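J.: For reference, the structure I am asking about is given below.
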Amino acid sequence: MVIATENLTMRYGERLVVDGLNLSVRPAEIYGFLGPNGAGKTTTIHILLNLLRPTSGGVSLFGEPVTPGSFAFRRLIGVAAEEPAELSRLTGWELVRYFARLCAVGAPERRMEGLFRTLELWDVRHAAARDYSRGMRQKLSLIRALVHEPKLLILDEPVSGLDPHGIRQVRETIDAYRNDGGTVFISSHILSEIERSADRVGILHDGHLLIEDTLDGLRRRIGKGRRFVVELETLPPSLEARLRAMPYVLELSVSESGRRLEMLLDDRDDVRPAISAIVTESGGVILGMQSEEMSLEEAFVTITNQNVTRLAGG
Amino acid sequence: MSLRLRVAKAIAYQEIRDAVFGWSLYLTVAVAVLGGTLLLYNATRAVGESGLEIVARPFYQPLLVATSLATVYLAGWATLAIARPRDQGSLRVLFFAPVDPVSLLGALMLAALAVYALFMFVTIPVFALLSLLVNLPLPPLLLVGMLVSPAFAAPAIAIGLFISAVAGTSRGAMFLFGIAVVLAIGVQIGYSALQGVPPASQYYDTLLFLREVLRAAREALRWVSPLALVSAGLDAALRADWRELLVSALAGIGGSAVWLVLAGWALRRRGVLP
């Protein structure tokens, strides 16, 4: 495992910020670490980097336990977080070179040039970093995190503040890094971005890891996930009742014209042939069928809501 | 080279570069030179007016003022060196690299001493030039004292770093620094004031205890206060009292080590997050 935590717990006084967290991030995967604001994502990252000491539990990075006071392991990690606006008087280029020096990189200029060009900061490399826009600082932060060719890349909200063009550049840079064998740990609340790139996802809520799985596994575990639309020539009288009686039809709505059925299906099995058969048996003529998988956003909301309901129910 | 040493070197280089390209170092040099020149002007005018043809230690006071100013400037710089970037969040970003409290504190101390050396490198030639202009000798013994003076400035830097590490915010750090300076000066002034109370005064007996407390505090400050060490060290150098110079230097180095250890403890405890 690149990252493994065991019953990681962090308390600030009476407040439990991280609650018995057991994370596992495998080599060369993109791991999406999701959670609403205040869920404990950034605190977890600080603990992983040994910037905070947990109340209890332990962290292992690259198979080695992180002990109090250890810091050399950070040479193997690149961290991109929102760059503070109040940087020193350094230019973007100088700032990255400074970090390369801190990570004992001999001649970083060639790699720096590649990264600055990829993320389109080459033309402003000699401008003071504090004069960069928020999006530019975000990209600079990614360059800083990648300059020493780390084995693990930790990204805290990597695309917030970026325009669509910037998001694409960052995504391509992360993909290229992963294709070279790097491991990526992305903490974000921008779910579409995680959905696009993550191999596995962990959902944190109130400091507690609710679920950790692949996106498909996540949908399967929730047990409802496929939105299904059927376009009909006309609505046969018995069809609606017959469909509602099926156990895998969780929700059903009929449009005003009566020619469009929208269903939310339990997608543990592929039930499309069964639905098609029912429509035909009822005398209906199918003009079109369309299915959509549950989005990560829907899965996220479902899982966190389930957790809230569970907690409320005691 | 060990990772810690390499990191400390990189941070120190960056801090020195920031100081050289900033304005505060040059402002301090200008104020020190101006203050020293005024003192020298007063000394030469006093000679002229009194008709005396000798003046004792004409460069002692100007160089004492210059070194004291440099010491206070660097203590103030050190007071903000950790607290301000921590407030701004840039200390957290720095610690994303393989940086630890030991390498950071070592680097800041190294950088501050280098800036002190730079200060002296600019100031001493100016005083040498003044010495030629006013035809008063700049004693080589005083220059020996100046060479040793980084050992007297070091505890001021270490105290500043401790305050910076322990304070909650940069404003809090400056407040603590102000209190430390006021306390150090207050003891001196208070003791002098109490010494001036005549034995016939009705408050004499009541104030005797307080005077003794302040005397003890003043005696302790003699070994703790960087400014007292600067003064005693330069004085010892001028008198060629090598033993006292060495003792003062050792007190400075020992004090710096103690304050640096405390700063390291405080930084670990307080952390690097805003």
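J.: With label points built 7 Å along Cα→Cβ from the Cα atoms of A:Ser133 and B:Ala216, find their separation and express it in nm.
T.: Once both label points are built, they end up 6.6 nm from each other.
J.: Using only alpha carbon pairs under 8 Å that are at least six residues apart, calculate the relative contact order of chain A and give it in whole percent.
T.: Answer for chain A is 19 percent.
J.: Sort A:Asp19, B:Asp205, A:Asp216 by accessible area with a 1.4 Å probe, largest first.
T.: Ranking A:Asp19, B:Asp205, A:Asp216 by accessible area, largest first, yields B:Asp205, A:Asp216, A:Asp19.
J.: Can I ask one more? Among rounded, prolate and oblate, which fits segment B:3-270 when a ≥ b ≥ c are the square roots of the eigenvalues of its C-alpha gyration tensor, a/c under 1.5 means rounded, and a/b larger than b/c means prolate?
T.: oblate
J.: I've got another one for you. Just to confirm the filter: which GluC sites (Glu not before Pro) across segment A:1-71 are DSSP coil and have at most 15 other Cβ within 10 angstrom of their Cβ?
T.: Filter output for segment A:1-71: A:Glu14.
J.: Separate question: Tell me which chymotrypsin sites (Phe, Trp or Tyr not before Pro) from segment B:7-63 have a DSSP coil assignment and no more than 11 other beta carbons within 10 Å of their own.
T.: When the chymotrypsin sites (Phe, Trp or Tyr not before Pro) of segment B:7-63 are filtered for loop state and at most 11 Cβ neighbours within 10 Å, B:Phe21, B:Trp23 remain.
J.: Next up: Given the -39500 (n - 2.57) contribution per DSSP H run of 4+ residues, what per-residue ellipticity at 222 nm results for chain B, rounded to the nearest 500 deg cm²/dmol?
T.: For chain B, the value works out to -28500 deg cm²/dmol.
J.: Then there is this: Please report the spacing between the Cα centers of segment B:214-274 and segment B:1-49 in Å, no decimals.
T.: Cα centroid to Cα centroid, the span is 20 Å.
J.: Roughly how much of B:Arg17 is accessible, in Å² to the nearest 10, using a 1.4 Å probe?
T.: Accessible area of B:Arg17: about 60 Å².
J.: Hey, another quick one. To the nearest 0.05, what FRET efficiency results for B:Tyr13 and A:Leu287 with a Förster distance of 56 Å applied to their C-beta separation?
T.: So, using R0 = 56 Å, E works out to roughly 0.20.
J.: OK, next. How high is the relative contact order of segment B:156-260, in percent, with contacts defined as C-alpha pairs under 8 Å that are six or more residues apart?
T.: Across segment B:156-260, relative contact order equals 33 percent.
J.: Would you mind classifying the protein assembly as shown by shape? Square roots of the alpha carbon gyration tensor eigenvalues, ordered a ≥ b ≥ c; an a/c under 1.5 is rounded, otherwise it is prolate if a/b is larger than b/c and oblate if not.
T.: prolate
J.: Report, to the nearest whole %, how much of the accessible area of chain B belongs to carbon and sulfur atoms, 1.4 Å probe, protein only.
T.: 70 percent
J.: Let me ask something else. Does anything in segment B:158-195 have its amide N under 19 Å from the 7 Å Cα→Cβ label point of B:Ser201, and if so which residues?
T.: Answer for this model: B:186-195.
J.: Return the FRET efficiency for the residue pair A:Arg110, B:Thr37: r is the Cβ-Cβ distance, R0 is 51 Å, and the value is rounded to the nearest 0.05.
T.: For R0 = 51 Å, the calculated efficiency reads 0.50.
J.: In segment B:1-75, which GluC sites (Glu not before Pro) are in a loop and have at most 15 other Cβ atoms within 10 Å, using DSSP for the loop call?
T.: For GluC sites (Glu not before Pro) across segment B:1-75 that sit outside H, G, I, E and B with at most 15 neighbouring Cβ atoms in 10 Å, the list reads B:Glu53.
J.: Once you place label points 7 Å from the Cα toward the Cβ at B:Asp241 and A:Glu262, how far apart are they in nm?
T.: With each label point 7 Å from Cα toward Cβ, the separation is 9.3 nm.
J.: Net charge near B:Phe177, counting Lys/Arg +1 and Asp/Glu -1 over other residues with Cβ under 13 Å of its Cβ?
T.: +2
The values are calculated or read from the model by the stated rules, or taken from the named source; none is laboratory data. Bear in mind the structure is a predicted one, so any value in this text is a computation, not a measurement. Cβ atoms come from the backbone with ideal geometry, glycine included; neighbour counts cover every protein chain shown. Please note that ligands, DNA and RNA were not included when accessible areas were found on the heavy atoms of the full protein model with its side chains. Shrake-Rupley method; radii C 1.70, N 1.55, O 1.52, S 1.80 Å.
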